[in-house]
1. Please enumerate the residues belonging to region 45-58 that are under 20 Å from Phe68 (Cβ atoms) and surrounded by 10 or more Cβ atoms within 10 Å (Cβ to Cβ).
2. Enumerate the strands (runs of 3 or more DSSP E) found wholly within region 159-239, keeping only those where 2 or more residues are under 21 Å from Leu137 (Cβ atoms) and open to solvent by 50 Å² or more (accessible area, probe 1.4 Å).
3. Just one of Gly140, Gly179 is within 18 Å of Arg239 (Cβ to Cβ), in contact with a Cys (Cβ under 8 Å, 6 or more places away or on another chain) and of a type outside the set (Lys, Arg); which is it?
4. Among the candidates Gly140, Gly119, single out the residue that is free of Cβ contacts under 8 Å to residues at least 24 places away in the same chain and surrounded by fewer than 20 Cβ atoms within 10 Å (Cβ to Cβ).
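The values are calculated or read from the model by the stated rules, or taken from the named source; none is laboratory data. Please read these numbers as outputs of a predicted model, since none were measured by experiment. So basically every Cβ, Gly included, is an ideal-geometry build from the backbone, and we count neighbours across all protein chains shown. Surface areas here come from the heavy atoms of the whole protein model, side chains and all, with no ligands, DNA or RNA. Shrake-Rupley method; radii C 1.70, N 1.55, O 1.52, S 1.80 Å.
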Amino acid sequence: MSEETNIPEETAAAPQPEWRNFYGRRAGKTLRPSQKVYLGEDLDTLTPQGFSRDENPERDLVDPATIFGNDAPFWLEVGFGGGEHMVHMAATYPGINILGCEPFINGVAMLLGKIRAAGVENVAVWPGDARDVMDVLPEGSVAKAFLNYPDPWPKRRHHRRRFVTQDHLVPLYRCLAPGAEFRVATDIPDYMRQALREVPKAGFELTAHSGTAWEDWISTRYEQKALREGRVPDYATFRKP
């Protein structure tokens, strides 16, 4: 491992800039009345404290066990879209806890509706930037992480905005436990090429890459859209040594 990708031994929260750009949509088309109800009644209960700079200006560590009230394995989904995958994982593995990060409020509303319908309780929601979460999670606290159909930022000059850059991957590596998986699914060939190039630079090992999804995968609304439009899904699994 190169000097740049060595992860510090200490478990202090990772330093972060005083201000950083956020790219992407915060809101889309008008919410349905039911979605407004979900946001008004459920979001506060499911949103952990201590991730925002306003709540936690010193960026003290937030132990996942304090979020869920137990020390079950903790999983992280970056950009959960409409929430299909996150709720599926929570229902399939009731012995784990999963936190999803998504700044797009329409996606958050869709997730909250799915949580109600499925009745899962081992979930938490961060309606904001995943970097806020990774800043303050203890080192080695995440047992598995997911990046499913992320915003492709197709223009070359925007590729630095993608999640699969060192600004995102190095903090993620710090948070993951040794042996933890990081799964990436996308329908954009150039995005996967960048992932295959950049993720190992952050210290990860590639363990699988193919057009065949994982056995516990559920096809999401974004994957179904890709298939309708003739794009081919691609899946990669990385591991923190």
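1. Of region 45-58, the ones under 20 Å from Phe68 (Cβ atoms) are 45-52, 55-56.
Leu46, Thr47, Pro48, Gln49, Gly50, Phe51, Ser52, Glu55, Asn56, listed by residue number.
2. The qualifying strands (runs of 3 or more DSSP E) are 176-186.
3. Of Gly140, Gly179, the one residue that is within 18 Å of Arg239 (Cβ to Cβ), in contact with a Cys (Cβ under 8 Å, 6 or more places away or on another chain) and of a type outside the set (Lys, Arg) is Gly140.
4. Working: Gly140 fails: free of Cβ contacts under 8 Å to residues at least 24 places away in the same chain.
Exactly one of Gly140, Gly119 is free of Cβ contacts under 8 Å to residues at least 24 places away in the same chain and surrounded by fewer than 20 Cβ atoms within 10 Å (Cβ to Cβ), namely Gly119.
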